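A.B. asks: Let me give you the structure first, and then I'll get to my questions.
The numbers here are math on the coordinates, done by the rules we state, and not lab data. Source: prediction; values computed, not measured. With ideal geometry, Cβ positions are generated from the backbone for all residues, glycine too; neighbour counts draw on all protein chains shown.
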Amino acid sequence: MPPMSLPSTHTAPLHECLISLGSNIDPDHYFVQALEIISRECVLLARSEAIRTAPVGYQQQPDFLNAALLVSTPLEREAFRAYLKGVEDRLGRVRGAIKSGPRTMDLDIVAWDGEVIDDGYFQHNYVRKPVDEVLASSGRNLESQKRS
């Protein structure tokens with residue numbers, strides 16, 4: 001199956017999406033790669049600085065780099081989620097038995113059209129801090145209630 005990419009024409013209404021990025025396998029390399037792919041295939045509106053954080057859950061692994069991106073996309077939410085999983089796969093992500101284990105790249109939708117959809121924003125500083133930086137730099141706000 002060829003890599004999934006976004007359409008080059010934006011005829012559909014655009015959605016704004018806040019993405020959380022995390023990597024602890026060669027994170028400097030994979031952050032650059034993820035940013036290049038997403039910037040090429042989406043409209044990048046804002047980004048945070050990367051922060052180094054200790055692992056959560058499984059502790060026998062290197063520290064993570066975490067950051068956030070604000071992008072716009074013509075895709076609907078589930079299609080965009082599938083797109084992000086495809087980007088992870090293109091970057092060599094292997095999903096192993098340890099859910100919180102090491103990874104080349106983890107891309108999660110934190111907020112969709114200004115609405116928080118991932119409880120990680122409320123539960124983890126490694127998600128909240130970069131997202132809040134993007135919100136401040138872009139002049140955006142989030143609805144505080146998570147809805148699925």
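A.B. asks: Lys/Arg Cβ at +1, Asp/Glu Cβ at -1, dipole of region 15-138 taken about the Cα centre: which of LEU84, SER72, TRP112 is farthest positive-ward?
C.D. replies: So the residue furthest toward the plus end is LEU84.
A.B. asks: Which whole-number percent gives the relative contact order of region 15-138, counting Cα pairs below 8 Å spaced six or more residues apart?
C.D. replies: Averaging sequence separation for qualifying contacts and normalising by length gives 39 percent for region 15-138.
A.B. asks: Here is a further query. Can you tell me the length gained on complete extension of the stretch GLU115 to ILE51, counting 0.36 nm per residue apart and subtracting the Cα distance?
C.D. replies: 20.7 nm
A.B. asks: Moving on. Quick one: putting +1 on the C-beta of Lys and Arg, -1 on the C-beta of Asp and Glu, what dipole do you get for region 15-138 around its Cα centre, in Debye to the nearest 20?
C.D. replies: 340
A.B. asks: Further, regarding this structure: Among the chymotrypsin sites (Phe, Trp or Tyr not before Pro) in region 42-105, which ones are in a DSSP loop with at most 16 other Cβ atoms within 10 Å of the Cβ? Mind listing them?
C.D. replies: Here the sparse-neighbourhood loop sites are TYR58.
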